[in-house]
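The values are calculated or read from the model by the stated rules, or taken from the named source; none is laboratory data. Being a predicted model, the structure only gives us computed values, none of them experimental. Reconstructed Cβ throughout: ideal geometry from the backbone, glycine too, with neighbour counts over all protein chains shown.
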Amino acid sequence: MRLLDRYLLRELLIPLSYCLTGFFIFWIAFDLLSEVDDFQRLKLRFGDVVEYYAIKTPEMLVMVIPIAFLLALLYALTHHARHHEITAIRAAGVSLWRLSWPYLGVGLGLTLALFAINELWVPEATVAAERVLQRYVGAGASTALSRWERKVGFRNARENRTWVIAAFNTLDYQMINPHVVWILPDGVRRELAAERGAWSGDHWTFTNAQETVHSAPGLALTETSWQTNVLSVPEFTESPREILSAVKISKVASYKDTRRAQFSIREILDYKRLHPEDTDKMAMLDTKFHARLAGPWTCLVVVLIALPFGAASGRRNVFAGVASSIVICFAYFVLQQLALAVGVRGTITPWVAAWAPNTFFAVTGLALTWRVR
């Protein structure tokens, strides 16, 4: 059986490599044609465009890999069926399910790879690509300008602390004019206003800072204030990552923003932990969370769908696999977008919206495979 598995893998990986390369080039060419006017308007140079697409590679791979895998599977299976190889293999006592083990192994490997790409590279790549686009925005603007987020507001509901920052550097985490207000468990209100703030690796350090302490409600009104050149505040547990997550998610104001936004599971969990009171975004975040979990499993669903379409006896035309892959991808994409749209709006339960496309196509593939003779 090892010889058979190696043969099936070889016959799959060769078209898979061609499909990945072809789809990737096609995707870049199509995107370049649609964005070339924006590149010219933003005054990007040739090197900037190359850098932009190099940064966007992880995001494109997430879209391209399932499609290329489906087309390669259908091509390989149809090729075997056309030469009666599947019939011969099954006549030797090998079931269709056993024959699919190499394909399921590749599907599982691609699922893990997509999950890693989604979590480790895509969110950062999206932000980095946007920086490249905004590199020359404004007459005489320097590259450094695109690193700053202006008028940043951030609330840590877990510790009842609110941050208002005039400008926040997304690369080295410097702050300009940070103002922090928090209320202690005994009702005492404290305020910290500083000229600058910086992340020191495990705590925040402020320069030219003034701290004010107000008495708790119900007690005699008192106010204590003092100034210092340098102030380290280890009790501020908000990390730069959590602040960036809050800034990123707070910008999502419409369904169009939701479709374009790329949040990692870690960013979603950070935001939900620090903002449990933000119920307006909970449906969107829960749907995005489950979509991040469900998305990579598309590669395994692809195997279940390709088996009955490609392995059915009587296949003669290899191009039938191409036509089938186009129809299946279109149907899956439409169902996925519809499910996510109603999930983001809170019409249906988020986990149902995220997992419904995979569940529907997996069950359909299992049922069709069961009927293959």
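If you take the residues of the stretch 134-159 that are touching a Leu at 6+ places or on another chain (Cβ under 8 Å) and not charged (D, E, K, R), which of them is modelled with the highest pLDDT? Going through the qualifying residues, I end up with ASN156. Would you confirm, using the coordinates I've provided, whether ALA113 is of a type in the set (A, V, I, L, M), touching a residue at least 12 places away in the same chain (Cβ under 8 Å), closer than 30 Å to ASN177 by Cα and in the same structural domain as ILE25 (by TED's automatic domain parsing)? When the stated conditions are applied, ALA113 does not pass them. Across the stretch 96-124, the qualifying residues are those that are small (Gly, Ala, Ser) and buried (at least 20 other Cβ atoms within 10 Å of the Cβ), and the one among them that is farthest from the chain's Cα centre (by Cα) is SER100. Restricting the stretch 1-52 to residues that are over 22 Å from GLU124 (Cβ atoms) and β-branched (Val, Ile, Thr), the residue that is farthest from the chain's Cα centre (by Cα) is ILE14. Here PHE24, PHE39 are screened, and the one residue that is more than 28 Å from LEU74 (Cα to Cα) and surrounded by 15 or more Cβ atoms within 10 Å (Cβ to Cβ) is PHE39. Is it the case that GLY93 is surrounded by fewer than 15 Cβ atoms within 10 Å (Cβ to Cβ) and at pLDDT 90 or above? It is false that GLY93 is surrounded by fewer than 15 Cβ atoms within 10 Å (Cβ to Cβ) and at pLDDT 90 or above.
Inspection of the stretch 53-61 finds no residue satisfying the criterion of being in contact (Cβ under 8 Å) with a residue 60 or more places away in the chain and over 25 Å from the mean Cα position of the chain (by Cα).
Right, TYR136: in a loop (DSSP other than H, G, I, E, B), more than 26 Å from the chain's Cα centre (by Cα) and crowded, with 17+ Cβ neighbours inside 10 Å or not? Here the answer is yes, as TYR136 does meet what is asked. When the stretch 69-94 is examined, which residues are found to be more than 15 Å from LEU9 (Cβ to Cβ) and of a type outside the set (A, V, I, L, M)? Once the filter is applied, which keeps residues that are more than 15 Å from LEU9 (Cβ to Cβ) and of a type outside the set (A, V, I, L, M), the stretch 69-94 yields THR78, ARG82, HIS83, HIS84, THR87, ARG90, GLY93.
For the stretch 303-312, state whether one or more residues are over 20 Å from ARG155 (Cβ atoms), surrounded by fewer than 15 Cβ atoms within 10 Å (Cβ to Cβ), modelled with pLDDT under 75 and out of contact with any His (no Cβ under 6 Å at 6 or more places or on another chain). No: the stretch 303-312 contains no residue that is over 20 Å from ARG155 (Cβ atoms), surrounded by fewer than 15 Cβ atoms within 10 Å (Cβ to Cβ), modelled with pLDDT under 75 and out of contact with any His (no Cβ under 6 Å at 6 or more places or on another chain). When the stretch 166-199 is examined, which residues are found to be part of a strand (DSSP E or B), touching a residue at least 40 places away in the same chain (Cβ under 8 Å) and within 32 Å of the chain's Cα centre (by Cα)? Of everything in the stretch 166-199, those that are part of a strand (DSSP E or B), touching a residue at least 40 places away in the same chain (Cβ under 8 Å) and within 32 Å of the chain's Cα centre (by Cα) turn out to be PHE168, VAL180, TRP199.
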